[in-house]
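Here the structure is laid out as structure tokens; the discussion comes afterwards.
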Amino acid sequence: EFCDRNKLPTRQRLSLFADVCRAVQHAHQKGIIHRDLKPSNILVRESDDHKPMPMIIDFGVAKAMDRALTDKPFFTHFDQMIGTPSYMSPEQAGVGPMDIDTRSDIYSMGVVLYEMLTGRPPFQAESALATMRKVIEEEPVPPWVARRRQRQQGQRNPKSESRNPKESRIRPSDLDIICLKCLEKEPARRYASAEQLAAD
């Protein structure tokens, strides 16, 4: 909403996204995995010099990597869904014991990036269960292919339309590679850290 309201071109959206990656990296360095990264959990405020500053909120389902987050015991059950279906990683959406680490947040960041570029998450369905099945089983359509299809169907997407001729310097294939690396089904094939994602 912030990007759309301010009509940010792709380059500025990517700069803002890199700041979000750095915030996620900070949480990871503190030993916290968010587990529910999505646009509604990323707020943007403007600093005194009008620079956008993202803030990550709602650590309600966060997981500590090496210590307890509170002094009260808290357990998630074997069959309990944690996260938002369109934004959760395949390992979160799967059935069985979850092996969640920081790369699960990297996947969710990839979904946020995908939505910044196309206006919608890569997987959506009529129900949470159907969405989770898509997350586990289907490969995402590359973001620039999704944009082309939207144009062909007459669905102009103001969220992802380029507004600056200089943006031609950003090669769509580069953005595809970055976004799709985040969305790999296997965690080992994703970025190892949010810092690496921000650097790319």
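The values are calculated or read from the model by the stated rules, or taken from the named source; none is laboratory data. Not measured: the values here are computed from a predicted model. Ideal geometry is used to build each Cβ from the backbone, glycine not excepted, and the neighbour counts take in all protein chains shown. With ligands, DNA and RNA removed, areas are computed over all heavy atoms of the protein, side chains included. Shrake-Rupley method; radii C 1.70, N 1.55, O 1.52, S 1.80 Å.
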Quiz item: Counting only residues that are open to solvent by 30 Å² or more (accessible area, probe 1.4 Å) and in a helix (DSSP H, G or I), how many does segment 117-136 have?
Solution: 5
Quiz item: assigned to a helix (DSSP H, G or I), touching a Pro at 6+ places or on another chain (Cβ under 9 Å), modelled with pLDDT under 90 and open to solvent by less than 10 Å² (accessible area, probe 1.4 Å) - does that describe any residue in segment 98-105?
Solution: no
Quiz item: In segment 4-17, what count of residues is obtained for those that are surrounded by fewer than 16 Cβ atoms within 10 Å (Cβ to Cβ), assigned to a helix (DSSP H, G or I) and in contact (Cβ under 8 Å) with a residue 12 or more places away in the chain?
Solution: 2
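In segment 27-53, what residues are closer than 30 Å to ALA93 by Cβ and open to solvent by less than 30 Å² (accessible area, probe 1.4 Å)?
Correct list: ALA27, HIS28, GLY31, ILE33, HIS34, ARG35, ASP36, LEU37, ASN41, ILE42.
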